1. Failed condition for residue 168, given (1) away from ligand 2 (no atom under 16 Å from the Cβ); (2) within 27 Å of residue 78 (Cβ to Cβ), with all others met?
2. Please enumerate the residues belonging to the range 159-174 that are under 20 Å from residue 185 (Cα atoms) and either open to solvent by 20 Å² or more (accessible area, probe 1.4 Å) or touching a helix residue (DSSP H, G or I) at 6+ places or on another chain (Cβ under 9 Å) (or both).
3. Identify all residues within the range 111-125 that are assigned to a loop (DSSP other than H, G, I, E, B) and either within 16 Å of residue 267 (Cα to Cα) or at pLDDT 90 or above (or both); write none if there are none.
4. Suppose we filter 255, 247 for residues that are crowded, with 17+ Cβ neighbours inside 10 Å, without any contact (Cβ under 8 Å) to a residue 40 or more places away in the chain and within 16 Å of ligand 2 (Cβ to nearest atom); which single one remains?
5. Every residue in the range 206-221 that is among the aliphatic types (A, V, I, L, M) and more than 16 Å from ligand 2 (Cβ to nearest atom), please.
Amino acid sequence: MKDFTLDNLTDVVTEAYTKNTASPRHAEIFGALIKHLHSFAKEVSLTEQEWFEGIQFLTETGKKCDDKRQEFILLSDTLGLSMVVDAINHPKGGKGTESTVLGPFYVEGAPELESGSNIIKGDGDGEVVLVTGTVSDADGKPLKGAKLDVWQTASNQLYDVQDPNAPEWNLRAKIKAKDNGEYSFISEKPTSYPVPTDGPVGRLLSAAGRHAFRPAHLHFIVSAPGYETVTTHIFVDGDKYLDSDAVFATKAKLVTKFISSTDEKLAAEYGLPTPFCRVNYDFGLMPA
Ligand code: BEZ
Ligand code: FE
């Protein structure tokens, strides 16, 4: 019998997890995971006490998760891992709209609303904004049957699912674009907000001396039959956190101007006083 040693453990464990593994992809992932986990522990000469604290941290992360709170997504996001996965799967340089993180606050099943709807469900004390644009293919041809799942924080810096006083589905909807690809809805101008800091991820951020803020943004999942769905944001130009997003998810092409508009015709069409805040963003989808 041979002893397991620091020198042979990684090879022995890798073999145990790869040699009889039915799926070649599983073998590849298990092998790389073991290699990097072992080399991480060796590189920092991990103490038993430190590894125990690491296990406690992961345990707390799991315990903080429920159907409204996803601390593991937050951990992946704040460590930049979500954006590594995004960059691998959605390389830059294509013609379609760039993607970014989903984040932990997406909720499936938002009400489907016609283009032009108002998604402010409560008294909403944020600045009203008219959001307009088109969904087209990468060459600008409007896409029929496009839908835009949208969600954002309210002026109190909270998503509806974080705020027990928020009306259900406040500032969330699945907007059906018109047949000519145009979409519009009325919402509130988003503000920058901190990711949740009352859990283990908050302690990680403060141990690293990092702030918890995300630059103001609207979330979108844009889809159309026959095209690749894109999960993305539009960011408010000028936000002071654009260069230090807590989750590393900003991209220059997603930053856009929210302007003050005096367009009387649009104001009358949407029942808005002038001047009103407006943003226009055109999405491009790639064939599936
Ligand atoms: C968000 O934008 O909703 C978000 C993304 C990543 C972590 C926390 C929040
Ligand atoms: Fe967000």
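The values are calculated or read from the model by the stated rules, or taken from the named source; none is laboratory data. On a predicted model such as this, the values are computed, not experimentally measured, just so you know. Don't worry about glycine lacking a Cβ; one is built from the backbone with ideal geometry, like all the others, and counts go over all protein chains shown. To get the accessible areas, we keep the full protein, side chains included, count just its heavy atoms, and leave off ligands, DNA and RNA. Shrake-Rupley method; radii C 1.70, N 1.55, O 1.52, S 1.80 Å.
1. Single failed check for residue 168: (2).
2. Matches in the range 159-174: 160, 166, 167, 168, 169, 170, 171, 172, 174.
3. Step one: of the range 111-125, the residues assigned to a loop (DSSP other than H, G, I, E, B) are 111, 115-116, 119-125.
Scanning the range 111-125 gives 111, 115, 116, 119, 120, 121.
4. Details: 247 fails: without any contact (Cβ under 8 Å) to a residue 40 or more places away in the chain.
The match here is 255.
5. Going residue by residue through the range 206-221, those that are among the aliphatic types (A, V, I, L, M) are 207-208, 212, 216, 218, 221.
Passing the criteria: 207, 208.
Table: residues versus (1) over 30 Å from residue 232 (Cβ atoms); (2) within 16 Å of ligand 1 (Cβ to nearest atom); (3) open to solvent by 90 Å² or more (accessible area, probe 1.4 Å).
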residue: 20; (1), (2), (3): yes, no, yes
residue: 32; (1), (2), (3): no, no, no
residue: 36; (1), (2), (3): no, no, yes
residue: 49; (1), (2), (3): yes, no, yes
residue: 70; (1), (2), (3): no, yes, no
residue: 80; (1), (2), (3): no, yes, no
residue: 89; (1), (2), (3): no, no, yes
residue: 97; (1), (2), (3): no, no, no
